[in-house]
Amino acid sequence: MALTVDLRSDTVTKPSPAMRAAMAAAVVDDDVVGRDPTMVELEERTAALLGKEAGLYLVSGCMSNLTALMTHLRRGDRFLAPRHAHILSHELGTAAHIALGVPLELPWSYAPGVPSPADIAEVAAEEPTHHAYYELITRLLCLENSHNHAGGFLIPRDINDALIAQAHQAGWQVHLDGARIWHSAAAQGITPAEAAGAADSVSVCFSKGLGAPVGSVLLGSKDFIAQARRNRKILGGGIRQGGVLAAACLVALDEELPRIDQDRIRADRLAAGLRELGFDAPAPQTNILLVTPPAAWGVSAPKLAQTWSEAGIGCHVMGPAVRLVTHRDIGDQDIATALELIAAGLPR
C-alpha cells in the first residue's frame with residue numbers, strides 16, 4: 001500500500017521546485033576535460049562552510065567515504081571506527097575490499113556511537129615504537145557525526161575536539177563521516193565548521209537532511225583533495241556535466257540548511273507522542289528516532305515495523321528497534337497523522 005507518512009529515511013525526499021528549476025538552468029561544462037563551474041561553486045562553498053581548504057563533489061556518501069579511505073590509507077594499514085559505524089557496517093566492506101584497510105572497532109564508551117579519548121589513547125599505547133614487518137600500522141581514526149546506527153546521537157563539540165586531538169597526538173589522521181553533520185551542528189547551536197573541528201577530511205551529504213536528489217562533498221586540504229580526485233577517477237567517478245546535480249545542492253544550502261533543526265523538533269514531538277502511547281522512545285538528539293515496544297506486548301521490531309508499514313507509516317528496522325527519520329517533507333500534520341495511525345493499531 002502507499003505510505004501515508006514516509007519516515008523510512010531522510011533520503012526519501014523529492015527535489016523541490018526550486019531545485020528542479022536550478023538543475024534545468026545550471027551552467028555546466030565537462031568536469032573531466034576541464035571543470036564544471038557549478039560543481040566548483042558547490043565545492044568551494046561547502047569547503048568554506050566546513051572550514052577546509054578544498055572540496056570534491058561525489059555522487060554518494062559511500063563513494064565519498066571510500067575515496068577518503070583510499071586517499072588516507074596504504075595497503076594493509078589499520079583504521080579505527082566506532083562500532084556499527086556506517087563506514088564499517090553499511091558500505092559492503094569496501095573499506096577492506098577496495099581501500100585495503102584493516103578495521104578495528106571501537107566501543108561506545110562516551111555515548112551511543114561515540115568512543116572516548118581514553119579508547120584512542122589505549123590503542124595508541126599498544127602501537128610498537130618501531131614497526132616490525134609483521135606489525136599493523138594504524139593511520140586513521142574514522143568518526144561519524146551524527147551516528148546513524150546509534151539513533152542519530154551526535155558527538156559534542158568538546159568531545160569531538162578531544163578525540164581528534166588524541167588521534168593527532170598518536171600520529172594518525174582523522175576522517176569524519178559527517179553525512180548528517182548539518183543536524184549535529186544545528187542541535188548544538190554551532191556552525192558546521194565547529195562541528196567538524198580539526199578533522200583532516202570530512203564527508204558531508206546533500207541527499208540526507210538537506211533534501212537534494214544526489215551528491216556528497218569530500219573536504220580536506222588542497223593536496224588531499226588533489227589525490228582524492230585521482231581516486232575518484234579510479235572508482236569511475238569522472239562526473240562530466242555534474243553541475244546539473246550540484247545545482248540542487250546549492251539550493252539545499254540556501255533553502256534547507258536554515259530550517260534543518262525543524263526536523264529535530266518534529267522528531268522530538270513524535271517521540272513524546274510515542275511515549276504517551278507506551279513505547280520506549282528516547283528523546284532524539286537529531287532527526288533519527290529509535291523506538292521499541294514494551295516487552296509485555298511481546299512484539300519484535302520486525303513485527304512492529306510490518307504493522308506500521310501496513311498502516312501506512314514508512315519505517316526501517318535497526319537492530320532491536322524501529323527507526324523513524326524526520327525530514328524536509330514531513331510537517332506538523334504528518335507527525336499528528338503518524339501518531340493517530342499508530343494509536344489506532346495499539347493492542348487492546
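Which fully enclosed strands (runs of 3 or more DSSP E) of segment 283-329 have 1 or more residues being out of contact with any strand residue (DSSP E or B) (no Cβ under 6 Å at 6 or more places or on another chain)?
316-318
Does segment 267-275 contain at least one residue that is in the same structural domain as residue 334 (by TED's automatic domain parsing), under 26 Å from the mean Cα position of the chain (by Cα), modelled with pLDDT of 95 or more and farther than 15 Å from residue 338 by Cβ?
No, there is no match, as no residue in segment 267-275 is in the same structural domain as residue 334 (by TED's automatic domain parsing), under 26 Å from the mean Cα position of the chain (by Cα), modelled with pLDDT of 95 or more and farther than 15 Å from residue 338 by Cβ.
Which pairs turn up if I take residues in segment 41-66 that are closer than 14 Å to residue 225 by Cβ and look for partners that are part of a loop (DSSP other than H, G, I, E, B) with beta carbon separation below 7 Å, at least 6 apart in sequence or on another chain?
Partner pairs satisfying both residue conditions: 47/53; 53/221; 54/221; 57/215; 57/239; 57/242; 58/237.
Could you tell me whether residue 240 is surrounded by fewer than 22 Cβ atoms within 10 Å (Cβ to Cβ), within 30 Å of residue 168 (Cβ to Cβ), among the charged types (D, E, K, R) and in the same structural domain as residue 26 (by TED's automatic domain parsing)?
When the stated conditions are applied, residue 240 does not pass them.
Checking the condition outside any strand (DSSP E or B) and either buried (at least 18 other Cβ atoms within 10 Å of the Cβ) or polar (S, T, N, Q) (or both), which residue from 168, 183, 175 passes?
Going through 168, 183, 175 in turn, just one is outside any strand (DSSP E or B) and either buried (at least 18 other Cβ atoms within 10 Å of the Cβ) or polar (S, T, N, Q) (or both): 183.
Please enumerate the residues belonging to segment 215-237 that are touching a helix residue (DSSP H, G or I) at 6+ places or on another chain (Cβ under 8 Å), outside any helix (DSSP H, G or I) and surrounded by fewer than 19 Cβ atoms within 10 Å (Cβ to Cβ).
Hit for segment 215-237 is 235, nothing else.
Go through segment 189-207 residue by residue and tally those that are out of contact with any Asp or Glu (no Cβ under 8 Å at 6 or more places or on another chain) and farther than 21 Å from residue 58 by Cα.
Result for segment 189-207: 5.
Within segment 84-97, which residues are assigned to a loop (DSSP other than H, G, I, E, B), touching a residue at least 40 places away in the same chain (Cβ under 8 Å) and either surrounded by fewer than 19 Cβ atoms within 10 Å (Cβ to Cβ) or over 15 Å from the mean Cα position of the chain (by Cα) (or both)?
90 - this is the single residue of segment 84-97 that is assigned to a loop (DSSP other than H, G, I, E, B), touching a residue at least 40 places away in the same chain (Cβ under 8 Å) and either surrounded by fewer than 19 Cβ atoms within 10 Å (Cβ to Cβ) or over 15 Å from the mean Cα position of the chain (by Cα) (or both).
For the condition in a helix (DSSP H, G or I), assigned by TED's automatic domain parsing to the domain that holds residue 239, modelled with pLDDT of 95 or more and more than 29 Å from residue 147 (Cβ to Cβ), what is the one hit in 71, 38?
38 is the lone residue from the list that is in a helix (DSSP H, G or I), assigned by TED's automatic domain parsing to the domain that holds residue 239, modelled with pLDDT of 95 or more and more than 29 Å from residue 147 (Cβ to Cβ).
The values are calculated or read from the model by the stated rules, or taken from the named source; none is laboratory data. Bear in mind the structure is a predicted one, so any value in this text is a computation, not a measurement. Please note: Cβ atoms are built from the backbone with ideal geometry, for glycine as well, and neighbour counts cover all protein chains shown.
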